[in-house]
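Q: After the structure tokens below, expect a handful of questions from me.
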Amino acid sequence: MDNQSAAPSTAPGATGRRHPEQESSMDRIENLNDQVESANDDDSFRERDMSGQETFEDIVEQHLSRRLLLGGAAALPLLTMPGLLPGGSDGAAYAQSAGLTFQSLPETVSRDASGNHVTASDVVTVPPGYRFNVVIKWGDPLFPGVGAFDVNNQTPADARQRFGFNNDMIALFPERFGAPATIGRLPFPSYIMATNHEYVTPPTLFPGVTTNTVTDADRQAVLFEYVGVGIVRIALQNGNWVYDQNSRFNRRITLTTPIDITGPAAGHPKLQTPADPNGRRALGTYNNCAGGFTPWGTYLSAEENFNFIFDHHLGTPVADPTILQDHVDVGARPGVVGSEYGRNFPRFNLSTPEGRNEIYRFGWVVEVDPYNPTSTPAKRTALGRFKHECATVALTQNDGVVLYSGDDERFEYVYKFIAANRFDRSNPRSSANMSLLDSGTIYAARFNADGTGQWLALDINNPATGPLIRASVYANGTPRFPTQADVLINTRRAGDAVGATPMDRPEDVEAPVDASFRGSGRVYFTCTNNSSRTANGLPTNSDARRTGSGRQIINQTDAANPRRLGIGHIIEIIEAGNDHAALTFTWRVFMLAGDPANPNGFVPAGRNVAGGSLNVGNTYTGPRFSAPDNVAFDKLGNLWIATDGSPEILNQNDQILAAPTNVPPGQPIPLSRFLTAPNGAECCGPLMTPDNSTMMVAFQHPGEDGARVFNNPQSTWPDNLPGSTIPAAQRFPKSAVIAVRRLDGGRIGS
Ligand code: FEO
Ligand code: CA
């Protein structure tokens with residue numbers, strides 16, 4: 001479907017209630033815890049410096065062979081180059097930044113004065129001169145012979161052959177890794193697109209279901225197949241990006257896919273289960289939020305809110321107090337009602353022998369080779385276990401490998417990993433490169449009030465921090481970290497031990513990299529919000545998850561988290577010497593989310609700031625926003641910011657905004673709004689193609705807070721797009737990936 005800009009307006013809509021997992025990320029974790037405890041040919045683009053492994057003719061043939069499969073026209077224009085590695089920025093032009101000349105959009109109002117969703121807001125808006133098309137959506141068939149989606153006849157076997165539910169992270173891989181630069185002049189640019197499918201919500205998935213969970217094994221088994229990772233080939237055709245149902249690359253990785261466990265914690269007794277006594281082969285992945293991609297052509301999928309799939313209310317709590325404490329540390333407290341999968345599948349019931357250790361096998365970063373559909377994905381334990389939001393790779397100038405990640409929970413940490421070995425540029429797809437994420441050191445960030453910071457090694461053998469980590473004990477006095485593998489299994493607590501800075505829910509951590517995947521030492525990350533950050537340092541109910549386990553929450557404001565009950569901010573890090581492997585850095589608050597129209601402060605909905613208010617200070621001018629989540633860079637170095645949670649805080653649909661990064665400190669950043677989402681949807685991605693002619697955006701959970709959506713939908717996007725032939729009564733919301741382009745194929749942002 002092809003749609004041009006639509007302006008939001010106001011009209012009555014439907015209301016609904018929320019399931020914890022349906023909530024925006026802003027509240028998703030918080031509320032659950034509370035419940036428990038209470039085609040532009042751009043010559044400026046420099047192809048990435050990778051050795052070619054195929055000839056130009058090979059690639060032409062490959063592309064030509066796809067024409068019929070794609071239903072291609074006889075004469076497609078010569079246009080866009082896809083680049084050789086996943087979409088990203090071009091550091092050569094980084095210092096220029098700016099170039100943001102599109103017309104900033106008005107906000108899309110979420111609810112009317114009565115609290116009803118505004119039906120006319122159930123649209124995607126893009127600036128004048130731009131358009132978008134839906135690339136793929138939930139239920140679309142991924143394999144030859146798979147028929148049209150029938151929401152009334154869902155089975156596990158059928159579900160695993162379709163594009164999954166609630167798409168999140170997007171990455172693009174050139175169809176042939178290492179192809180020569182001439183690929184940029186081919187008529188049929190194409191990519192292998194990898195996406196995450198984060199979670200499922202039965203009321204928006206099964207007609208007639210109004211409860212937040214389903215308890216029968218048949219339907220639960222369907223849910224297992226809609227989560228995880230999806231891989232599908234896409235191609236640009238007549239200005240639209242379309243997916244190829246018949247590509248040999250297409251693949252689903254779900255909660256029932258075998259996945260290796262590798263790295264220092266593989267085989268650890270805590271990772272051993274009756275089904276896998278060696279502790280080296282997990283079954284499936286879940287809660288795949290954001291992630292990353294590597295210079296060696298792999299996809300990284302980050303397991304975030306994995307505690308939600310585990311039940312701790314179906315029997316006697318785990319007896320071993322140290323194991324119990326580990327589970328509490330990740331949010332699986334005794335009494336917690338999770339997915340209810342534990343009723344039928346003992347591995348998700350923490351009270352069973354099968355479930356006791358299964359939870360240790362989630363919370364990792366999963367590496368997938370999208371070029372080899374039969375490869376076994378790997379959970380890389382060297383990267384630590386926590387609620388990974390992302391896994392962003394940047395190379396140092398001498399090809400050292402650094403990976404950044406955030407732990408998206410209140411008062412958790414920002415991490416980076418420095419691999420023990422360097423990337424071998426001469427043989428990028430080597431087995432040595434493929435195992436780079438299996439050995440190295442993980443660090444947690446401390447942000448000092450003077451604008452300096454340190455990366456603190458979470459290494460029991462480190463002279464400075466090792467003694468602190470070794471001193472950490474459980475409540476019964478048992479040492480918490482007898483081995484380094486134990487640090488990796490409960491990384492949060494090692495962060496506690498070394499004095500990392502508890503942050504306002506770190507989400508995406510991104511570093512702009514050049515065409516060779518080398519970073520500039522700059523890093524930006526979002527803190528989406530924190531409804532428990534107070535000014536007095538007293539723990540709130542929802543902090544008890546950690547205080548009850550012996551951790552002293554320090555929840556008063558600090559320099560890096562400067563607002564109580566903050567609604568989001570973005571921090572810029574500059575690594576010492578512009579070296580991503582540095583262990584010290586400087587930092588500043590890049591932007592405070594809020595409303596520049598009220599520079600002296602305002603009180604957003606649902607935030608009792610106890611007589612105070614929030615303000616953006618002098619950090620930016622332009623449209624109001626809150627709850628920044630995913631970010632990305634274009635090749636000019638501009639920062640593109642996606643939000644998840646603005647409907648609840650500012651009564652505006654979520655959006656994508658653009659900010660130049662070359663504004664001197666102390667001057668306000670001129671922000672622009674580029675896109676607004678349909679009702680109830682968060683914006684995931686975004687991701688630019690390397691030539692910046694297309695922005696991919698994943699809309700997750702449209703209709704999110706509209707329970708009983710099949711008879712009372714808050715959103716019917718994308719079924720409601722202009723030209724839709726779907727009868728109104730049969731429309732229901734579907735998460736989907738869209739491709740945004742200029743009408744003339746020019747650079748996104750211009
Ligand atoms: Fe899945 Fe932190 O967002
Ligand atoms: Ca996210």
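The values are calculated or read from the model by the stated rules, or taken from the named source; none is laboratory data. Not measured: the values here are computed from a predicted model. Reconstructed Cβ throughout: ideal geometry from the backbone, glycine too, with neighbour counts over all protein chains shown. What goes into the accessible areas is simple: the full protein's heavy atoms, side chains included, and nothing from ligands, DNA or RNA. Shrake-Rupley method; radii C 1.70, N 1.55, O 1.52, S 1.80 Å.
Q: Any residue at all in the stretch 487-503 that is over 24 Å from VAL631 (Cα atoms), open to solvent by 10 Å² or more (accessible area, probe 1.4 Å), β-branched (Val, Ile, Thr) and out of contact with any Ser or Thr (no Cβ under 7 Å at 6 or more places or on another chain)?
A: There is no residue in the stretch 487-503 that is over 24 Å from VAL631 (Cα atoms), open to solvent by 10 Å² or more (accessible area, probe 1.4 Å), β-branched (Val, Ile, Thr) and out of contact with any Ser or Thr (no Cβ under 7 Å at 6 or more places or on another chain).
Q: Okay, moving on. Output the residue which, of all residues in the stretch 101-118 that are of a type in the set (A, V, I, L, M) and in contact with a strand residue (DSSP E or B) (Cβ under 7 Å, 6 or more places away or on another chain), is surrounded by the most Cβ atoms within 10 Å (Cβ to Cβ).
A: So, considering only residues that are of a type in the set (A, V, I, L, M) and in contact with a strand residue (DSSP E or B) (Cβ under 7 Å, 6 or more places away or on another chain), the one surrounded by the most Cβ atoms within 10 Å (Cβ to Cβ) is LEU105.
Results for (1) away from ligand 2 (no atom under 16 Å from the Cβ); (2) in contact with a Leu (Cβ under 8 Å, 6 or more places away or on another chain); (3) open to solvent by 30 Å² or more (accessible area, probe 1.4 Å), shown as yes or no for each residue.
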{"position": "THR254", "(1), (2), (3)": "yes, no, no"}
{"position": "GLU303", "(1), (2), (3)": "no, no, no"}
{"position": "ALA319", "(1), (2), (3)": "yes, no, yes"}
{"position": "ILE323", "(1), (2), (3)": "yes, no, no"}
{"position": "HIS327", "(1), (2), (3)": "yes, yes, no"}
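Q: Ok, one more. Considering only the stretch 340-350, I want to know if a residue exists there that is more than 16 Å from the chain's Cα centre (by Cα), under 25 Å from TYR415 (Cβ atoms) and not aromatic (Phe, Trp, Tyr).
A: So far as the stretch 340-350 goes, no, none of its residues is more than 16 Å from the chain's Cα centre (by Cα), under 25 Å from TYR415 (Cβ atoms) and not aromatic (Phe, Trp, Tyr).
Q: Next question. Given the criteria surrounded by fewer than 22 Cβ atoms within 10 Å (Cβ to Cβ) and away from ligand 1 (no atom under 14 Å from the Cβ), does THR396 qualify?
A: For THR396, the condition - surrounded by fewer than 22 Cβ atoms within 10 Å (Cβ to Cβ) and away from ligand 1 (no atom under 14 Å from the Cβ) - is met.
Q: Criterion first (open to solvent by less than 20 Å² (accessible area, probe 1.4 Å), over 28 Å from GLN655 (Cα atoms) and in a loop (DSSP other than H, G, I, E, B)) does PHE143 satisfy it?
A: Criteria not met by PHE143.
Q: Something else: Within the stretch 672-705, track down each residue that is hydrophobic (A, V, I, L, M, F, W, C) and open to solvent by 10 Å² or more (accessible area, probe 1.4 Å).
A: LEU687
The rows are residues; the columns are (1) over 22 Å from the mean Cα position of the chain (by Cα); (2) within 23 Å of TRP717 (Cβ to Cβ); (3) not hydroxyl-bearing (Ser, Thr, Tyr).
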residue: ASN116; (1), (2), (3): yes, yes, yes
residue: SER121; (1), (2), (3): yes, yes, no
residue: ASN133; (1), (2), (3): no, yes, yes
residue: TRP138; (1), (2), (3): no, yes, yes
residue: PHE149; (1), (2), (3): yes, yes, yes
residue: THR155; (1), (2), (3): yes, no, no
residue: ASN166; (1), (2), (3): no, yes, yes
residue: MET169; (1), (2), (3): no, yes, yes
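Q: Within the bounds of the stretch 635-648, is there any residue that is of a type in the set (A, V, I, L, M, F, W, C), at pLDDT below 95, open to solvent by 10 Å² or more (accessible area, probe 1.4 Å) and under 22 Å from GLY521 (Cβ atoms)?
A: Taking every residue of the stretch 635-648 in turn, at least one turns out to be of a type in the set (A, V, I, L, M, F, W, C), at pLDDT below 95, open to solvent by 10 Å² or more (accessible area, probe 1.4 Å) and under 22 Å from GLY521 (Cβ atoms).
Q: Check VAL318 against each of (1) at pLDDT below 95; (2) not in a loop (DSSP other than H, G, I, E, B) and name the one condition it does not meet.
A: (2)
Q: Restricting to the stretch 278-315, what's the tally of residues that are within 15 Å of ligand 1 (Cβ to nearest atom), assigned to a loop (DSSP other than H, G, I, E, B), of a type in the set (S, T, N, Q) and under 30 Å from GLU175 (Cα atoms)?
A: Total meeting the criteria: 2.
Q: Inside the stretch 271-291, can you point out the residues that are buried (at least 21 other Cβ atoms within 10 Å of the Cβ) and in contact with an Asp or Glu (Cβ under 9 Å, 6 or more places away or on another chain)?
A: Those that are buried (at least 21 other Cβ atoms within 10 Å of the Cβ) and in contact with an Asp or Glu (Cβ under 9 Å, 6 or more places away or on another chain): THR273, ALA282, THR285, TYR286, ASN287, ASN288, CYS289, ALA290, GLY291.
Q: When residues of the stretch 412-447 are filtered for being open to solvent by 40 Å² or more (accessible area, probe 1.4 Å) and either in contact with a Cys (Cβ under 6 Å, 6 or more places away or on another chain) or under 30 Å from SER531 (Cα atoms) (or both), how many remain?
A: Total satisfying the criteria: 1.
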